[in-house]
1. What full-extension length gain, to one decimal in nm, is calculated for A:His476 and A:Lys439 as 0.36 nm per residue of separation minus the Cα-Cα distance?
2. Tell me, A:Glu299, B:Glu501 in order of fewest to most beta-carbon neighbours within 10 Å?
3. Farthest toward the dipole's positive end in chain B, which of B:Leu721, B:Tyr22, B:Leu364, given Cβ charges of +1 (Lys, Arg) and -1 (Asp, Glu) about the Cα centre?
4. Among all the aspartates and glutamates, which ones have a C-alpha under 17 Å from B:Lys369's C-alpha, if same-chain residues fewer than 8 places away are not counted?
5. For the stretch A:311-454, with only Lys/Arg (+1) and Asp/Glu (-1) charged at the beta-carbon, what is the dipole magnitude about the Cα centre, in debye rounded to 20?
6. Ordered by packing density, taken as the mean number of other Cβ atoms within 10 Å over each peptide's residues, highest first, how do B:587-600, A:217-230 rank?
7. Ignore the peptide's own chain and count Cβ atoms of other chains within 10 Å of each Cβ in A:269-282; give me the average, rounded.
8. Could you check the spin-label model distance between A:Glu431 and B:Ile597? Points 7 Å from the Cα along Cα→Cβ, value in nm.
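Bear in mind these aren't lab numbers, they're just calculated from the coordinates by the rules spelled out. The structure displayed is predicted, hence computed values, not measured ones. With ideal geometry, Cβ positions are generated from the backbone for all residues, glycine too; neighbour counts draw on all protein chains shown.
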Amino acid sequence: MSDAPYNKALHDVTRRHFFKQCGVGLGSVALNSMLGNESAADSNLRNMGIFNGQGQKPAKALNVIFMFMAGGPSQLELFDYKPVLQKYNNQPIPQSYIEGKRFAFMDSFGNDGPPKLLGTVRDFKQYGDSGAWVSECLPHTAKIVDDISFLKTVATDVPNHAPAKIFMNTGSGQFGRPSMGSWINYGIGSESQELPGFVVLQSGPRGPRGGQPLWGSGFLPASHQGVPFRSQGDPILNLSTPENINQDEQRNVIDAVNQLNRNRLDVTGDGEIAARISSYEMAYRMQSSAPELMDISKESQATLDLYGVKEGEPSYAMNCLSARRMIERGVRFVQLYHTNWDHHGGNSENLSDKLDEVCHDVDQASAALVMDLKQRGLLENTLVIWGGEFGRTPMGEVRDTIGRNHHIDSSTMWMAGGGVKAGYTHGETDELGFSPVDKPVHVHDLHATILHLLGIDHEKLTYRFQGRDFRLTDVHGHVIEDLLV
Amino acid sequence: MYWALCLGLCILISPAGSADDYNNKVKPILSQHCFTCHGPDSKHREGELRLDVAPYDDDMASDRIKELFGSDHASSVIFERITAQDDDDRMPPSDKPALTEKEIGIIADWLDDGAPYSKHWAFIAPTKPAMPTLKQDDWPRTTLDRLVLATLESNDISPAPLATPETRLRRVYLDLIGILPTIEQVSSFVANPSEEAYTQVVDKLLASEHFGERWGRHWLDNARYADSNGYSIDGSRQIWPYRDWVINALNEDMPFDQFITEQLAGDLLPNATQDQRVATGFHRNTMINQEGGIDKEEFRIESIVDRVNTTGAVFLGLTMECAKCHDHKYDPLYQSEYYKLFAFYNNDDEIDIELPSPNQKARLKRIQKEIDALVPKRNAYKAEAIKEPLTAWVATVTEETLAKWNLKEKDAIATERSTWTDEQERLIQKRFLAADEKYQELENEIRSIEKKKPRLPKTMVLKKRPEARVTQLFEQGDFTRKAEVVTPGTPAVLHPYKGPENGSRLDLAHWLSSPENPLTARVMVNRYWQYLFGRGIVETENDFGYQGSLPTHPEVLDYLAAQFLDTGWSIKKIIREIVLSSTYQQSSHRRPELDVIDPKNYLLARQNRVRLDAEIIRDVSLSASDQLDTTIGGPGVYPPQPDGVLKLGQSSRAWNPDKGSDRHRRGMYTFFWRATPYPSLMVFDAPNAMVTCTRRSRSNTPLQALTLLNDQAFIEQAQALAERISSAPMATDEDKLHYAFMLCLGRAPEASEVLVLSNLLKKSSGDQTSAWFPVARTLLNLDEFITRE
């Protein structure tokens, strides 16, 4: 056959691949769209400023690594230093603070009277030239404060884990919307021809509450959904050729499949077959590229030590290192989940030794990732985000020990690289750490900012579904200008 | 691009003279560019200008109408504003996409015509269209063919040739039952591919009990069926009896109005049967949040919201959910109407019911009788024993025994029996009876009979509450901000609701299935069309509102909708009419000569090649390898899947693959965990069951290749197929290749195809079965194998 119909056919379907044919990233989707290859009901990409010149923004970040501390880390034990809260430890919180507020566990603030304030027992110090406050829980993070920006006033809408995680990922508390990573890959594609554009890694004692929908593609094409990589066994499901089949045989089968598919393409002229042929080629390439990605034997001992990686031991540290390797290979969006940050005060999640445990799990490697990216010149183009689905209350919650309840009014996150200021703290909460008093940030603003840094106008990245142009930021969101370089 | 394409098409597909310019050309522009600020949503309306209804319907002052619309475009303020040079004056505002010249031209023409409005096409009840005169009069087999051909002829396009008998047979098997035809079935049809033979095949397939499975699975997408609760804990649930109900209802060809009524309100029918109550599982497929610390009322409301949204999308093809927080931005649907629909669903308890079979019922009765005979004897013994004998026994309790007792029990026994509280008496009696051999003997006898009671299947249903709840509108959709009280009702733009003020789900079901309803029949036949052509006549199958796509063949849609009612809502008759049509039986090969005028095949100048649904990919593999267990219905099953998938959610679970024939059941029976779904289903675009799915996307990714190449389930099927080929009674390898090809693709291979496979066979070694293994894998991986052509 001649190449022409093959290419035409391939061109028609190429958009729906998670591996773009051309590794140009920005603009590749746009190109197809301008050529009129969008299905009428499919998308509304024409509204995206990215390619029509309206509202085009230069991208600062090319990749994103989102370190998701699942459960809701306590900002009051880690970053948000509140001496007044300590002073009024065990005093009832003034009613004016909690009037009309919703908390997850209304009944476990204690039986006698209004909820009582809980001052932290953690020791806080100021670090770096920026003088950012960090507690004793995160000694390694303390060393990178001049490379990162803290957001002290991040608010969300929903006080329960699964809806709040979905909210942080999709901008809606209801299941069924596309996740951030899917939106981004849908909008600007992936740079990698051999790896998925959106990868999810997990560590901690269990998977995150919510599971697959957290990285699902909602109403966007399924090819944009996050692909979980596992730290043991096949990194991707069904990646390895089964044991009883040797590589030659695998290659022979793929060759035969592709040859017969090509015959059928000639007969039917259906471009989907061309896409299927390249899918098989890419699958074959992935069979070597994905294990190569996960094989850290060529990393120096110094690098392994920096992260605290022990070879052959799955861990958050290993995932951080893998995340760097992924963005080096063009993966657009990497999300790392680490579970058990839900410190209500029960025996398995308390604010003493159990908080120490999770902090120890993530502190060194989170800081190492920023340092490593910086020394390799990758931080400039990589947006690093650290945080959970919500914060925790200034009031204590009585369980086996005193812990803290879910809190939606404010939590602390940090961001680094990719066009974000270094050594900056954004916003401030009141003396008790309850509500923002300066520069409040909503999850929608966070999303708008992340998209902005990737060169996407959050109001213009839309998808037509059920007659409406949906956005990651719904009808909200403002770019946090003060945070930008 | 979107409207350019659509507008092009509208002109293309509207037969001369029948074009409704306002609906087809003008409203799409107004809706896209203007209605957000000048539409139904009164709270966000700008300049008190409303463009979605005719100005005289909106009580607009006549001089203002005159000013805005003018007598022609030159005298119209609207035209002045959309063509203003100054960014501050021009509409739409400069931060919104601008109107194209073509769009401005259409508005100008409309203004010149006196700006006529007409009712939205989908809100006018369908009637059967007039039959066109045709040139190629021998092509149509059915009425719908005449209508399709009229459009083709008006564009000077002839239809595609009839697909080969092999393709037509495989197509109709896959579309109607989702299982491959056998070699014998293929050969017999190819030998006599007459119209009569084809009709016989169609009728046989419609009568097959697998029809209910294939079409039931489509319906389960709408119903958001899953075997677990979703959210974080994602506990398992038992609602497969509802799935069985769907399969049976479709097999019986239950009229669609009854199908709706039983699912929405089966429990409210007079003398409701067990089956009718099971049917209400439709709206129990909503997710349940079992997370600690939640406000239960919040998630009860979430479920009802999902029921309203599902009702809108599935039955009405309307995006009701937009009106949860505010009046709809495009369609004339108001927030108060959203809560009127909500009110129908607000008076239920969500319960489980047990489902004993008649045999089980009889058995339970027998067992209970046996127990009832023994209980008095035990009770009589107990009544005596706890008097004197207990008091005597207290003195005999040793220190050693006491060591195992808890504090409360120790306290009790340390005091005189006369001083015991009721609780203490109860605790010691329990200890005493546990130590009394005679009592235990009597008790064990009863227990052993109890154990013979069968474990009964359960299912989740709706049950009307004795006391109705008061429904209030929620400001901004926020359940903590209750506003005015609303009573059950339906959107005013549609046919009138005639039920009582305290209407129930049954009244809603009657309203939905009323012959006056302009939407339900259209929406359903459109979806059947979508399942048979890969795309609906209205492409946006869940949005028949102002923002939805226009029907490519409005006459076909209306004809089928009217026909649906005429057949007494017979789903099978509608499907039969479509699959017997010439339109359906066309070849699906691309026609390069139409690449420019109609590259997406909106005109239906051929069939479409459609990749099979996730479950069907599994089914055809099992059917080619002769592994398929064709048992219908019952609880979910556990075919093999890669390790570790069930650790991706909060609750880490085991997945113990079935070892018996359940390992080879159809894909639709695979147990579906919402938080950690079966991966090979998801990789082929099965819906996630979080919300209703009325159209599946069809992606094409390397992960699909990895699944078919390496997944254990598919490897097992390839092995079975290899065995089937190697043990087949043919003398030569070439005959066996031919046989294998026929098994999988239902057609004889071309010489070039034989060559590829025989070369592959030559490269393999080992015993017969393992030599055929690469060939078997190749066939099961072919694009053609997982596609219905």
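1. 11.7 nm
2. B:Glu501, A:Glu299
3. B:Leu364
4. B:Lys369 reaches B:Glu443, B:Glu445, B:Glu450.
5. Its charge dipole is roughly 700 debye.
6. Put in order of decreasing packing, that is A:217-230, B:587-600.
7. On the way: counts 7, 9, 4, 7, 6, 2, 4, 11, 2, 3, 9, 8, 2, 5.
Average neighbour count from other chains, rounded to a whole number: 6.
8. Between A:Glu431 and B:Ile597, the simple spin-label model gives 8.0 nm.
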